[in-house]
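Notes follow once the structure below has been shown.
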Amino acid sequence: MTEHWSNYLRAGIVHFMAFPECMDGEGPVAETVERIIQDDFFEVIEITQVKDEKTRESLRDLFEQSGITACFGAQPYLLKGGYDLNHAELETRGKAVADVKRGIDQAAAMGCASVTVVSGPVANDKPPARERLIETLTELAAYAQVKGLTLSLETFDQVAYGKNRLIGPTEEALAVSEMVREEQPSFGLLLDLSHLPLLGETPEHALGTAGHHLVHAHIGNCAMDDPEHPAFGDTHPRFGVEGTRVGVNELAAFLRQLLEINYLSKGRRGIVSFEVKPMAGESSEAVIAGCKRALNEAWRLV
């Protein structure tokens, strides 16, 4: 592709993955966010819960001053807290819903545009669990809409060494999204390149299946061939690490398919966010710089 990628997409970054010390809502959140927003390579930043109210106020000011688009990811505390949006017990499911609603409140207070959630673990009663998830997502999407935000669901793997979530395969994600959209048409799906090998799906299959239900895309990497690999599972190592699945060529193939389904276009400029985590001993800043170089190189191959 000879035209610059910024004509077709808005580059984003998942802050809490690039700076994992901030993933629990504490640590040098404001300082690391400011480092990102000073870099005009990025038009989008994805944050998660921030426990300190003054820090949340500071972030809202920073987002407004920089003109960056902020998105909110509820995935970290849903996964770490063991919350389950498709649990069979109403009380347990209700606790997860209440926590996501608190996240939506935080996201609105910080000026975010959207919120992303993840389904609960794979259940023994899959069809009823999907129905419960649809009901929950419809409720949360309505709550988000009142706050001026949109809601999306991220698909995850179904392997024991990964996150092992109900959703899951893209076909099932599409069926869920179709049902939620009957009442909440702004709802959609987030697909992550790093999850596709773990799901046994190709970009052509996953993105072609999701189609216009795709509202957000992540790009990252995974290791799944050697249990002894330091990044084994869904840990989002940088692109091209030996023994992992995603390098520049795979990234280029993903971008090509995003163009094919018109998620990337001059009129739309869909969000494509790096979700990459430094491995032990690695520098966040160096990994971020490597991500930018990977996108530039992959785009030349598109």
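The values are calculated or read from the model by the stated rules, or taken from the named source; none is laboratory data. Given the structure is predicted, the values throughout are model-derived calculations rather than measurements. Reconstructed Cβ throughout: ideal geometry from the backbone, glycine too, with neighbour counts over all protein chains shown.
Among the residues of the stretch 249-284, the ones that are within 21 Å of residue 216 (Cα to Cα) and surrounded by 15 or more Cβ atoms within 10 Å (Cβ to Cβ) come to 22 in all. Just one of (1) of a type in the set (Gly, Ala, Ser); (2) within 21 Å of residue 32 (Cβ to Cβ); (3) in contact with a helix residue (DSSP H, G or I) (Cβ under 7 Å, 6 or more places away or on another chain) fails for residue 210. It is (2).
Filtering the stretch 199-208 for residues that are closer than 27 Å to residue 76 by Cβ, without any contact (Cβ under 8 Å) to a residue 24 or more places away in the chain and out of contact with any Pro (no Cβ under 7 Å at 6 or more places or on another chain) leaves a non-empty set. Scanning the stretch 76-97 for residues that are without any contact (Cβ under 8 Å) to a residue 40 or more places away in the chain and in contact with a helix residue (DSSP H, G or I) (Cβ under 8 Å, 6 or more places away or on another chain) returns 81, 83, 84.
Check every one of the strands (runs of 3 or more DSSP E) wholly within the stretch 44-158 and list those with 1 or more residues that are more than 23 Å from residue 179 (Cα to Cα). Don't jump to the end; show me each part of the working.
Details: elements: 44-47, 69-73, 114-118, 150-154.
Qualifying strands (runs of 3 or more DSSP E): 44-47, 69-73.
Condition first: farther than 17 Å from residue 237 by Cβ and β-branched (Val, Ile, Thr). Now tell me which residues in the stretch 1-22 satisfy that. If the condition is that a residue be farther than 17 Å from residue 237 by Cβ and β-branched (Val, Ile, Thr), then 2 is the only one that fits.
Scan the stretch 248-275 for residues that are assigned to a strand (DSSP E or B) and in contact with an Asp or Glu (Cβ under 9 Å, 6 or more places away or on another chain) and jot them down. Working first, answer last.
So in the stretch 248-275, the residues assigned to a strand (DSSP E or B) come out as 270-274.
Across the stretch 248-275, the qualifying residues are 271, 273.
Using the structure shown, decide if residue 116 is modelled with pLDDT of 95 or more, crowded, with 18+ Cβ neighbours inside 10 Å and in contact with a Lys or Arg (Cβ under 7 Å, 6 or more places away or on another chain). No: the conditions fail for residue 116.
Please go through the stretch 172-205 and pick out each residue that is under 15 Å from the mean Cα position of the chain (by Cα) and farther than 17 Å from residue 156 by Cβ.
Keep residues of the stretch 172-205 that are under 15 Å from the mean Cα position of the chain (by Cα), which gives 173, 187-196.
Listed by number, the list holds a single entry, 187.
Restricting attention to the stretch 285-299, does a residue exist that is of a type outside the set (A, V, I, L, M), under 25 Å from residue 188 (Cβ atoms) and surrounded by fewer than 18 Cβ atoms within 10 Å (Cβ to Cβ)? No, that holds for no residue. The set of residues in the stretch 1-27 that are without any contact (Cβ under 8 Å) to a residue 40 or more places away in the chain and within 18 Å of residue 190 (Cα to Cα) contains only 15. Listed by first and then second residue, the pairs with beta-carbon distance under 6 Å, at least 6 apart or on different chains, first residue in the stretch 49-60 and closer than 20 Å to residue 100 by Cα, second of a type in the set (Asp, Glu), are 51/26. Pairing each residue of the stretch 246-269 that is closer than 19 Å to residue 198 by Cα with any residue that is among the polar types (S, T, N, Q), provided the two are 6+ apart or on different chains, yields C-beta distances under 6 Å for 246/221. Scanning the stretch 12-43 for residues that are touching a helix residue (DSSP H, G or I) at 6+ places or on another chain (Cβ under 7 Å) and in a strand (DSSP E or B) turns up just one, 13. Residues of the stretch 210-234 that are surrounded by fewer than 19 Cβ atoms within 10 Å (Cβ to Cβ) and within 22 Å of residue 118 (Cβ to Cβ): 211, 212, 232, 233. Scanning the stretch 120-136 turns up no residue that is closer than 28 Å to residue 196 by Cα and in contact (Cβ under 8 Å) with a residue 60 or more places away in the chain.
All of 231, 217 fail the test of being over 15 Å from residue 167 (Cα atoms) and either without any contact (Cβ under 8 Å) to a residue 12 or more places away in the chain or within 18 Å of the chain's Cα centre (by Cα) (or both), apart from 217. Being buried (at least 18 other Cβ atoms within 10 Å of the Cβ), closer than 24 Å to residue 221 by Cβ and aliphatic (A, V, I, L, M) is the filter here, so list the residues in the stretch 159-204 that pass it. Hits for the stretch 159-204 are 166, 167, 173, 189, 190, 191, 193, 196, 198, 199.
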